Amino acid sequence: MPSSRARTELTNLPANIFAIVMATGIVSLAAGGSGLPTIGNSLLRLNTVLYPLLLIVFGTRLVLAWSAVAADFSNHAKAPGFFTMVAGPCVLGSQFLILDDWPVTATVLLGIGFAHWVGLSYLMLPNLMTAEVKPPPERGLSGAWLLVVVGTQAISVLASVLLMRMDSAPDWGVFASLAFWLAGSMIYLWIISQIFNRILFLPLAPNDLTPPYWINMGAMAIATLAGARLVGLSNTSLFLMEIRPFLIGMTLLFWATATWWIPILFVLGIWRHLTRRIPLTYDHSYWAAVFPLGMYTVCTRALIDSMHLPFLAPIADVFVWIALLAWAATFTGLMKWLLAILLPVSVPPLVPPLVPPSDTHPTA
């Protein structure tokens, strides 16, 4: 393996690399909940390898390219990607709990996710807030910022599922899960207003419309899942039962918003890749587009179960296959990327451009 190429790739490894674990985990849960247990369990086994492997890779990057990690930590465009270190272990914990019934492992992973959440929320975010030099919105703002929401909601989801397994869930645990759901929902409102303004009223070049914009939908989908879990938990919690109508109303609002985003994002993707000829080559950021598709499937199933809405089942039945196809295509791209590092071969793009892209973003 060419060490110089490997070192370069390691140095340039994006902060959001744990989105691979998030996407694999949620597609696993989507498959398991859709009557495809073999696929679901296989992806769980794969994730048990991917997560520690990525921890080793990230640790190696910390040692060999500390300055690059520190630069990402202070970069408004890249820093939110570190919140995949919160959502990744939480989604893996949900896999262990739902597919394997391992509550102890799930609890440990919840603790890991929570520890990362505390550090990123109260060290990284204040660091970005107090920076003397900040980029304009068109340079520093993207759908990746909604990973802050995804990480916060992922803690609520896993905590609620763990609480549902207890004979008598402690009130403080129920309250904490609710608080994370509410905080994540409020953060979404703050960030999405800025993102919507950015994509609607500021110049948007095809190269700017990166896959993390799919988190516009994914953040609402995981908020729906967290809300549905709380609705299910309200059956055994007097505290939540008192606010059950609020939980149901907000959860339905989130699902409707996530559903609204899907056609918009598909149309924007067609504009980017077919109209403006941006080649569909593998990039780690595509995992941030796979995750929302799987999450939409899972949250719709949870909505059906918690609110008795069987007429929504065909939506989940279709989206599970879309999510599986997206995961397979992205995983294939990841394997080709690895081969390009390990072997001196040229890997062609999945969809080559018909004409060279000519649209670039105007200089700010």
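The values are calculated or read from the model by the stated rules, or taken from the named source; none is laboratory data. Everything numeric here is computed off the predicted structure, so don't read it as measured data. So basically every Cβ, Gly included, is an ideal-geometry build from the backbone, and we count neighbours across all protein chains shown.
Does Ile199 fit the bill of being within 17 Å of His76 (Cβ to Cβ), touching a Leu at 6+ places or on another chain (Cβ under 7 Å) and assigned to a helix (DSSP H, G or I)?
Details: within 17 Å of His76 (Cβ to Cβ): yes; touching a Leu at 6+ places or on another chain (Cβ under 7 Å): no; assigned to a helix (DSSP H, G or I): yes.
Judged against the criteria, Ile199 is not a match.
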Flagged in region 165-181 as without any contact (Cβ under 8 Å) to a residue 24 or more places away in the chain and surrounded by 15 or more Cβ atoms within 10 Å (Cβ to Cβ), in numbering order, are Gly173, Ala176
Could you list, ordered by first residue, the pairs with Cβ atoms under 7 Å in which the first is in region 108-122 and without any contact (Cβ under 8 Å) to a residue 12 or more places away in the chain and within 13 Å of Ala79 (Cα to Cα) and the second is surrounded by 19 or more Cβ atoms within 10 Å (Cβ to Cβ) and not aromatic (Phe, Trp, Tyr), at least 6 apart or interchain?
none
Helices (runs of 4 or more DSSP H) fully within region 1-73 counting 2 or more residues that are touching a Lys or Arg at 6+ places or on another chain (Cβ under 9 Å) and surrounded by fewer than 21 Cβ atoms within 10 Å (Cβ to Cβ)
3-11, 66-73
Residue that is farthest from the chain's Cα centre (by Cα), among those in region 182-206 that are touching a residue at least 40 places away in the same chain (Cβ under 8 Å) and under 24 Å from Leu162 (Cα atoms):
Ser185
Identity of the residue in region 123-137, in contact with a His (Cβ under 7 Å, 6 or more places away or on another chain) and surrounded by 13 or more Cβ atoms within 10 Å (Cβ to Cβ), that ends up nearest to Phe73 (Cα to Cα)
Leu128
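For region 127-137, check the following and say yes or no: at least one residue is part of a helix (DSSP H, G or I), hydroxyl-bearing (Ser, Thr, Tyr) and out of contact with any Lys or Arg (no Cβ under 9 Å at 6 or more places or on another chain).
Of the residues in region 127-137, the ones part of a helix (DSSP H, G or I) are 127-129, 137.
Of the ones still in play, those that are also hydroxyl-bearing (Ser, Thr, Tyr) are none.
The answer is no, given that none of the residues of region 127-137 is part of a helix (DSSP H, G or I), hydroxyl-bearing (Ser, Thr, Tyr) and out of contact with any Lys or Arg (no Cβ under 9 Å at 6 or more places or on another chain).
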Taking only region 56-93 into account, find how many residues are under 22 Å from Ala144 (Cβ atoms) and within 17 Å of the chain's Cα centre (by Cα).
16
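Across region 261-282, what is the number of residues that are surrounded by fewer than 16 Cβ atoms within 10 Å (Cβ to Cβ) and under 18 Å from the mean Cα position of the chain (by Cα)? It would help to see each step written out before you state the result.
As a first pass, look at region 261-282 and keep what is surrounded by fewer than 16 Cβ atoms within 10 Å (Cβ to Cβ): 263-264, 266-267, 270-271, 274-275, 279.
From the residues that got through so far, the ones that are under 18 Å from the mean Cα position of the chain (by Cα) too are 266.
The qualifying residues number 1.
For Arg5, state whether it is basic (Lys, Arg) and modelled with pLDDT of 95 or more.
Numbers: basic (Lys, Arg): yes; modelled with pLDDT of 95 or more: no.
Judged against the criteria, Arg5 is not a match.
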Top-ranked residue of region 3-43 - restricted to ones that are under 24 Å from Leu147 (Cβ atoms) and of a type in the set (Ser, Thr, Tyr), ranked as nearest to the chain's Cα centre (by Cα)
Thr24
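Identify, please: which residue in region 74-99 is in contact with a Gly (Cβ under 6 Å, 6 or more places away or on another chain) and outside any helix (DSSP H, G or I) and is, among those, nearest to Ser28 (Cα to Cα)?
Taking region 74-99 first, the residues in contact with a Gly (Cβ under 6 Å, 6 or more places away or on another chain) are 76-77, 83, 86-87, 89-92, 95, 99.
With outside any helix (DSSP H, G or I) added as a condition, the list becomes 76-77.
On the way: His76: 31, Ala77: 29 Å.
So the residue we want is Ala77.
I'd like the full set of residues that are touching a Lys or Arg at 6+ places or on another chain (Cβ under 8 Å) and either at pLDDT below 95 or at positive phi (or both), limited to region 205-243.
Step one: of region 205-243, the residues touching a Lys or Arg at 6+ places or on another chain (Cβ under 8 Å) are 206, 209, 231, 234.
Within region 205-243, Pro206, Leu209, Ser234 meet the criteria.
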